[in-house]
1. Can you confirm whether segment 102-120 contains a residue that is modelled with pLDDT under 85, over 16 Å from THR34 (Cβ atoms), part of a helix (DSSP H, G or I) and of a type in the set (Asp, Glu)?
2. Is it the case that LEU50 is surrounded by fewer than 15 Cβ atoms within 10 Å (Cβ to Cβ) and in contact (Cβ under 8 Å) with a residue 40 or more places away in the chain?
3. Among the residues of segment 16-27, are any β-branched (Val, Ile, Thr) and outside any helix (DSSP H, G or I)?
4. For TYR68, only one of the following conditions fails: (1) modelled with pLDDT of 85 or more; (2) surrounded by 20 or more Cβ atoms within 10 Å (Cβ to Cβ). What is its number?
5. Determine, yes or no, whether ILE65 is touching a helix residue (DSSP H, G or I) at 6+ places or on another chain (Cβ under 8 Å) and assigned to a helix (DSSP H, G or I).
6. Search segment 11-46 for residues being of a type in the set (A, V, I, L, M, F, W, C) and loosely packed, with under 12 Cβ neighbours inside 10 Å, and hand back the single one that is nearest to ALA60 (Cα to Cα).
7. Do any residues in segment 98-120 that are free of Cβ contacts under 8 Å to residues at least 40 places away in the same chain have Cβ atoms under 7 Å from those of residues that are hydroxyl-bearing (Ser, Thr, Tyr) and surrounded by 15 or more Cβ atoms within 10 Å (Cβ to Cβ), where the two are at least six apart or on different chains, and which pairs are they?
8. Take segment 1-26 and flag every residue that is in contact (Cβ under 8 Å) with a residue 12 or more places away in the chain, closer than 23 Å to ARG75 by Cβ and among the hydrophobic types (A, V, I, L, M, F, W, C).
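The values are calculated or read from the model by the stated rules, or taken from the named source; none is laboratory data. Not measured: the values here are computed from a predicted model. Positions of Cβ are generated from backbone atoms using ideal geometry, with glycine treated the same way; all protein chains shown enter the neighbour counts.
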Amino acid sequence: MLGAFGAVLIFMLIYYRFAGLVACVALGANLLLTLAFMVTIDATFTLPGLAGLVLMLGMAVDANILIYERLREERERDASLSQAIRNGYDHAFPTIIDTHLSSIATAIVLYVVGNDQLKGFGISLTVGLNHQPVHVAVHDPCHVRFLAGQELAEEAEHAAAL
């Protein structure tokens, strides 16, 4: 599991560069918060529970890909960096919320009608997906805007020189 997680992080760093760094930080924070909550409620990590964590991480990567591809599209349309960031997050967020709510509903059904192993899967998936939109809506844009501040300043300096 750690090897696959590391491979995903390396891929995001190579393919998305700067945005990949932000995504890696968000993924790490998301995993850490989920594990901390699971330890706090004294949850036992079974194989299905770990599968729920893996699915949650996969959905986090998917959310970041949706956002960053949308950002790329905005930049290709010659939008300014700040406009591309705003539009990228604004247009991707409804899709992310939809996928998360669908998965949480499924996890709740599995918890209600399933055996103990399915309950572990449902809990770990629900816990991870509950706070992930907060990362997507608050944490990621703040980091992107903060780290992009240098590029925005260079862009403004370049425009002023013209």
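1. Looking through segment 102-120, at least one residue is modelled with pLDDT under 85, over 16 Å from THR34 (Cβ atoms), part of a helix (DSSP H, G or I) and of a type in the set (Asp, Glu).
2. yes
3. no
4. (1)
5. When the stated conditions are applied, ILE65 does not pass them.
6. Once the filter is applied, the top-ranked residue is LEU32.
7. ILE104/THR126; ILE108/THR126; LYS119/TYR111
8. Of everything in segment 1-26, those that are in contact (Cβ under 8 Å) with a residue 12 or more places away in the chain, closer than 23 Å to ARG75 by Cβ and among the hydrophobic types (A, V, I, L, M, F, W, C) turn out to be MET12, PHE18, ALA19, LEU21, VAL22, ALA23, CYS24, VAL25, ALA26.
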